[in-house]
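Derivation of every value follows stated rules applied to the coordinates shown; laboratory data play no part. These numbers come from a predicted model, not from an experiment. FYI the Cβ positions are ideal-geometry reconstructions off the backbone, even for glycines, and counts take in every protein chain you see.
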Amino acid sequence: MVRFASRVAAVFVVATFVVAGIAGCGPRQETIAVVRRDPLGEVRATLQNYVDGRPLTSEVTGFDSLVAEVRTVAPEKADILAAGLAELRDSSGEQLRTRALSLMRKLELEADESR
């Protein structure tokens, strides 16, 4: 009787694994799309914030890495950006707004001045 019960249990365990495998409970393959960041889009958004009157904050610490990212997609604009961001570091108020707007124009980025 014990042998019969262990055989039934073994068959039950095997059947469970077979059903689980057929039902798709195993590992799945899924393709995940990687969205590439647009460095010039980030530059535009940052400069637009200054045009809108927001002050310089902690993002200043990331200016060098932002220039490096822009260099990978638009090397000709990276030096213009580096010089412009250096000017912005020493700016505030209306001067910051004016310099940010000027930098956007030099980089050929569309600015929304209506905000």
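In terms of other Cβ atoms within 10 Å, Lys106, Lys77 run from fewest to most in the order Lys106, Lys77. The calculated FRET efficiency for Arg54 paired with Ala82, based on their beta-carbon distance and R0 = 25 Å, is about 0.75. For Val73 and Ile32, a Förster radius of 22 Å and the Cβ-Cβ distance give a FRET efficiency of 0.45, rounded to the nearest 0.05.
Peptides 50-59, 96-105 ranked from most to least packed, by the mean per-residue count of other Cβ atoms within 10 Å: 96-105, 50-59. From least to most packed, judged by other beta carbons within 10 angstrom and beginning with the fewest, Val70, Val60, Val34 follow the order Val34, Val60, Val70.
Label sites at Ser6 and Arg89, each approximated as a point 7 angstrom past Cα along Cα to Cβ, lie 7.7 nm apart.
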